[in-house]
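These notes concern the structure reproduced below.
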Amino acid sequence: MRFIFLVALFIFSGCAQVSSLNLQKHEFGILPTKIIWFQIEGLDEEHLALLRFSQNAERRTSFEESLCMGNSWAYDLYKLRPQAAESFLSQITGKKNIKNSCEDIKLKPIWAYLKGSNYQTGILEAGADKKNSLLKHESCEGSEDFYKDIYFWSMKFSKTPKLQFHYSEDIPLNTKDVLYDRACSQTGCYSTIFDNMRAINNKLNKSHQRYLFIIRDFSYAKALNKKNYKEAKSILIDLERSYAEALKMSKGSHETLILLTSANSTFVQFPEQGKPWYDFDKQGKAQPHRTKLTNLVLASGARSENFCGIYEEAHLFERILSGPKQQGLEFKFINPF
């Protein structure tokens, strides 16, 4: 009799199964109305050890709270291991023919497709120099179409800024000019990515029902390249706080997609254990190696199921826009070849 009861319980519990992803409750096929996309140069999943094994190894980072983890192949039609700016451009255009020239702005970016479905796009850049900023082709002929109708905030010092912003004040929304962080000087920024990300996202959330917010960081990779792991860890802590802030929003709204993609993911030779690790944590000395052939992808919230697996980085574009036809966005793909 007990056996029959257990069998019946198993059958009925199977019928009442709740859909889940990564052992967490998840609704599949939801159209995201808010998309927060982190693009971080240099980041690799093993770098989370900088956070995990320096304080409390039992505490999960916000990155580990992601519902889905994937990897993207780091190559395009011309290069194996392209530069971060080229990889990120491939991700936002869905194309592999990135030439690092004015021809690149002839490619249609993701916000041009989303605009037709009433999404507003805002971009925040941190640590970007001329070679990797999304604005590097601003002077190219026809650039006005590529940058049309987007908000752009830069954590960079400008001698002659037309407009400025500060996270402690009302964030300006302007699609005509780049807004520069007033807290940034020639020696660096007093504001953090977390400060600006939270302030800008709150403004976008209040002002627009649908939006794409891209946070592009190059400062983390710069610290890695300088072998300054204390600085890299500090930046990673700030990025982790920013990601945690975004996750709060996704958990409060089932229509929010949180996405993190890396480029130039760098392998770091961490110490084995014990005293060498203790010395590393205190002194911040380790040996970085060449960039990897795959980059990290993390996702949570609406449509995060699209980002599990291994795929080409140009396919991230399609995975953001693809969904059930009755809920999907209307757009036309252009052959990337």
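The values are calculated or read from the model by the stated rules, or taken from the named source; none is laboratory data. Keep in mind it's a predicted model, so treat the numbers as computed, not measured. No Cβ is skipped: glycine too gets one built from the backbone with ideal geometry, and neighbour counts run over all protein chains shown.
Given the criteria closer than 20 Å to Asp145 by Cα and among the β-branched types (Val, Ile, Thr), does Thr121 qualify?
Values: closer than 20 Å to Asp145 by Cα: yes; among the β-branched types (Val, Ile, Thr): yes.
Yes.
Looking at the structure I just gave you, is Gln55 in a loop (DSSP other than H, G, I, E, B) and either surrounded by 13 or more Cβ atoms within 10 Å (Cβ to Cβ) or at pLDDT below 80 (or both)?
Considered against the rule, which asks whether it is in a loop (DSSP other than H, G, I, E, B) and either surrounded by 13 or more Cβ atoms within 10 Å (Cβ to Cβ) or at pLDDT below 80 (or both), Gln55 comes out as yes.
Filter the stretch 260-277 for residues that are in contact (Cβ under 8 Å) with a residue 40 or more places away in the chain and assigned to a strand (DSSP E or B) and give the result. So that I can check it myself, show each step before the final result.
Residues of the stretch 260-277 in contact (Cβ under 8 Å) with a residue 40 or more places away in the chain: 260-268, 270, 277.
Within the stretch 260-277, Leu260, Thr261, Ser262, Ala263, Thr266, Phe267, Val268 meet the criteria.
Every residue in the stretch 22-42 that is farther than 16 Å from Asn201 by Cβ, in contact (Cβ under 8 Å) with a residue 12 or more places away in the chain and of a type outside the set (Gly, Ala, Ser), please.
The first filter runs over the stretch 22-42 and keeps only residues farther than 16 Å from Asn201 by Cβ, leaving 22-31, 40-42.
Among the residues that remain, those that are also in contact (Cβ under 8 Å) with a residue 12 or more places away in the chain are: 22, 24, 26-31, 40-42.
Asn22, Gln24, His26, Glu27, Phe28, Ile30, Leu31, Ile40, Glu41 - these are the residues of the stretch 22-42 that are farther than 16 Å from Asn201 by Cβ, in contact (Cβ under 8 Å) with a residue 12 or more places away in the chain and of a type outside the set (Gly, Ala, Ser).
For the condition out of contact with any Lys or Arg (no Cβ under 7 Å at 6 or more places or on another chain), closer than 16 Å to Ser242 by Cα and of a type outside the set (Lys, Arg), what is the one hit in Ile150, Ile193? Write out each step before concluding.
Values: Ile150 fails: closer than 16 Å to Ser242 by Cα.
Step by step, each of Ile150, Ile193 is checked, and only Ile193 is out of contact with any Lys or Arg (no Cβ under 7 Å at 6 or more places or on another chain), closer than 16 Å to Ser242 by Cα and of a type outside the set (Lys, Arg).
Need a quick list: helices (runs of 4 or more DSSP H) entirely within the stretch 166-259 having at least 2 residues that are of a type outside the set (Asp, Glu) and at pLDDT below 95. Don't jump to the end; show me each part of the working.
Working: elements: 193-207, 219-225, 229-252.
Filter on the stretch 166-259 gives 219-225, 229-252.
Can you run down the residue pairs with Cβ atoms below 6 Å, 6 or more apart or on separate chains, where the first is in the stretch 164-175 and closer than 16 Å to Glu125 by Cα and the partner is among the charged types (D, E, K, R) and surrounded by 14 or more Cβ atoms within 10 Å (Cβ to Cβ)?
Gln164/Arg182; His166/Arg182; Tyr167/Asp195; Ile171/Lys203
Being assigned to a loop (DSSP other than H, G, I, E, B), within 24 Å of Asp238 (Cα to Cα) and either in contact with a helix residue (DSSP H, G or I) (Cβ under 8 Å, 6 or more places away or on another chain) or of a type in the set (Val, Ile, Thr) (or both): is that true of Ala85 here?
no
Going by the conditions given, is Ser191 more than 17 Å from the chain's Cα centre (by Cα) and farther than 22 Å from Gln39 by Cα?
Values: more than 17 Å from the chain's Cα centre (by Cα): yes; farther than 22 Å from Gln39 by Cα: no.
The answer is no for Ser191.
Mind counting the residues in the stretch 147-161 that are basic (Lys, Arg) and within 18 Å of Gly122 (Cα to Cα)? Talk me through it step by step, then tell me what you get.
Just the residues of the stretch 147-161 that are basic (Lys, Arg), to begin with: 148, 156, 159.
Applying the additional criterion that residues be within 18 Å of Gly122 (Cα to Cα) yields 148, 156.
Here the count works out to 2.
Out of the stretch 296-315, which residues are surrounded by fewer than 24 Cβ atoms within 10 Å (Cβ to Cβ), among the charged types (D, E, K, R) and not in a helix (DSSP H, G or I)?
Glu312
Out of (1) closer than 23 Å to Phe152 by Cα; (2) of a type outside the set (Phe, Trp, Tyr); (3) surrounded by fewer than 17 Cβ atoms within 10 Å (Cβ to Cβ), what's the single condition that is false for Asn225?
With respect to (1) closer than 23 Å to Phe152 by Cα; (2) of a type outside the set (Phe, Trp, Tyr); (3) surrounded by fewer than 17 Cβ atoms within 10 Å (Cβ to Cβ), Asn225 is out only on (1).
Inside the stretch 122-165, can you point out the residues that are of a type in the set (Ser, Thr, Tyr), in contact with a strand residue (DSSP E or B) (Cβ under 8 Å, 6 or more places away or on another chain) and not in a loop (DSSP other than H, G, I, E, B)?
If we filter the stretch 122-165 for residues that are of a type in the set (Ser, Thr, Tyr), which is where we start, we get 133, 139, 143, 147, 151, 154, 158, 160.
Filter once more, keeping what is in contact with a strand residue (DSSP E or B) (Cβ under 8 Å, 6 or more places away or on another chain): 133, 151, 154, 158.
Correct list: Tyr151, Ser154.
Go through the stretch 145-191 and report how many residues are surrounded by 19 or more Cβ atoms within 10 Å (Cβ to Cβ), of a type in the set (Gly, Ala, Ser) and within 26 Å of Asp104 (Cα to Cα).
Selection size over the stretch 145-191: 1.
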